[in-house]
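The values are calculated or read from the model by the stated rules, or taken from the named source; none is laboratory data. Here the structure is a predicted model, which means the values were calculated and not measured. A quick note on method: Cβ atoms are made from the backbone with ideal geometry, for glycine too, and the neighbour counts reach across all protein chains shown. Accessible surface areas use protein heavy atoms only, side chains included; no ligands, DNA or RNA. Shrake-Rupley method; radii C 1.70, N 1.55, O 1.52, S 1.80 Å.
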Amino acid sequence: MGVTSVITSQAAPFFAELAAGHAGPPIPEEKLVYFRTRSRNRLFHFILSKFVAEQKKGLTKAALARRIGKSPEVINRWLGSPSNLRVDSISDLLIGISAEELAPASELLLEQTARNYRPWDDGEIKIEKVETKTSAETVKLSLHKAA
Amino acid sequence: MPDVSAGLTLGAVSLPSSLSLRSVRSVPFKAKSAKMTRAGIGNPLLIYKSMRAEINRLIDDGKLFELNPLNEKDNRVRTVIMSREINSLVSGPWASAEMAARCLRLRAELENFISAEEITVCWEPFEADVEQIGRLDPPHWGVWDLRSRDPKPGLRVFFRFADKDVAIFFTCSPRSLNVSWLDRLPLFDRKSREWKLAIADCLAEWKTLLPNHEPINGSHLSDYITGGTVLR
């Protein structure tokens, strides 16, 4: 279950100019850069996930390059890491990979529903050392099976 | 001699609420309660030490930091833990607007490491092309780098995997040019002395903070990371 909140803690000052509304101060360049990078990353992973799915059905970078008339080097660069792809390049990639076209959507930044799940919380605790020591203290642990 | 006090902290009584009982959610067994009593010298003491507890203690002590995405809605596939050096880069304060822009771009890339379903990986050292992360030579040392290429000069952040999908980022070096706000030399060619020093620095940082633990050392990419993609 998520927790609905307004921007909190560390994020609050970061989002201050955005929260100020249309009459607010200029948004600093470094924050614009941060969000540009996020957008690049999101688009890249959207396209990469399409490619990975089609790769399982036999698509290769070479085949994609041939189909959309680009060199293998260009495809390698586009699929290797996030970059400032042009809209035309995104269109070519989606058409060539999965015969799809872009359907833009966006989401509000200022009202956030925090994700409760942290992978750091998950996973097995590794008992790496269990040592018997003589000491002034004992530790009593009650263990029970997780639901 | 083992660090007795560190071992005791796993009893969850001294960990902050955000890091104690929640950290054992979804495991077959979890600590329901922990009780420490004085029982006099001579009684046996069981010391349970896990790397996770050790990292949580280092976070408590301000020696390591967990990166939390600024957008709380972000997907969480992996965990990024940072040294003081990396935390100061991505959290500020910054000396100039130029430094702030470059460091926030780096922050967005580290946050992307947390949230992206797929990450492109260079699995074989020296064969890196445009992948997002890569395993460095020699592979059995378990040192990796995250590549932040744009804008020039590119940055390389060195890290090791404490667990699958849990990476500890230690140091950051410029790829090819001096950066006034980074106190590290450019790495230059992949077989340069500077690369070797950067890898050695990462190992030394680990040894200082986690002397009794080893990073994971697997034979398959899936041993390290969920969603690792080697492009063909």
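The rows are residues; the columns are (1) modelled with pLDDT under 90; (2) open to solvent by 40 Å² or more (accessible area, probe 1.4 Å); (3) in contact with a strand residue (DSSP E or B) (Cβ under 9 Å, 6 or more places away or on another chain).
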{"residue": "A:Val3", "(1), (2), (3)": "yes, yes, yes"}
{"residue": "A:Val6", "(1), (2), (3)": "yes, yes, yes"}
{"residue": "A:Ala19", "(1), (2), (3)": "no, yes, yes"}
{"residue": "A:Ile27", "(1), (2), (3)": "no, yes, no"}
{"residue": "A:Lys31", "(1), (2), (3)": "no, no, no"}
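Can you tell me how many residues in the range B:137-177 are assigned to a loop (DSSP other than H, G, I, E, B) and under 16 Å from B:Asp189 (Cβ atoms)? Residues that pass the stated criteria total 6. Just checking, does the range B:209-222 include any residue being within 21 Å of B:Glu66 (Cα to Cα), free of Cβ contacts under 8 Å to residues at least 40 places away in the same chain and of a type in the set (Val, Ile, Thr)? So far as the range B:209-222 goes, no, none of its residues is within 21 Å of B:Glu66 (Cα to Cα), free of Cβ contacts under 8 Å to residues at least 40 places away in the same chain and of a type in the set (Val, Ile, Thr). Can you report the number of residues in the range A:33-53 which are open to solvent by less than 40 Å² (accessible area, probe 1.4 Å) and within 19 Å of A:Glu100 (Cα to Cα)? Number of matching residues: 6. Taking A:Ala65 as the residue in question, decide whether it is open to solvent by 30 Å² or more (accessible area, probe 1.4 Å) and of a type in the set (Gly, Ala, Ser). No. Considering only residues in the range B:75-97 that are surrounded by fewer than 15 Cβ atoms within 10 Å (Cβ to Cβ) and either among the hydrophobic types (A, V, I, L, M, F, W, C) or assigned to a strand (DSSP E or B) (or both), the one that is farthest from the chain's Cα centre (by Cα) turns out to be B:Ala97. Regarding the range B:136-146, can at least one residue be identified that is open to solvent by less than 10 Å² (accessible area, probe 1.4 Å), among the acidic types (Asp, Glu) and free of Cβ contacts under 8 Å to residues at least 24 places away in the same chain? Looking for residues that are open to solvent by less than 10 Å² (accessible area, probe 1.4 Å), among the acidic types (Asp, Glu) and free of Cβ contacts under 8 Å to residues at least 24 places away in the same chain, one finds at least one in the range B:136-146, hence yes.
Taking B:Thr208, is it under 13 Å from the mean Cα position of the chain (by Cα) and of a type in the set (S, T, N, Q)? Criteria not met by B:Thr208.
Per the conditions (1) modelled with pLDDT of 95 or more; (2) under 30 Å from B:Arg232 (Cβ atoms), the sole criterion not satisfied by A:Gln55 is (1).
Just checking, how many residues over the range B:56-74 are open to solvent by 60 Å² or more (accessible area, probe 1.4 Å) and farther than 17 Å from B:Gly92 by Cβ? Adding up the residues that qualify gives 3.
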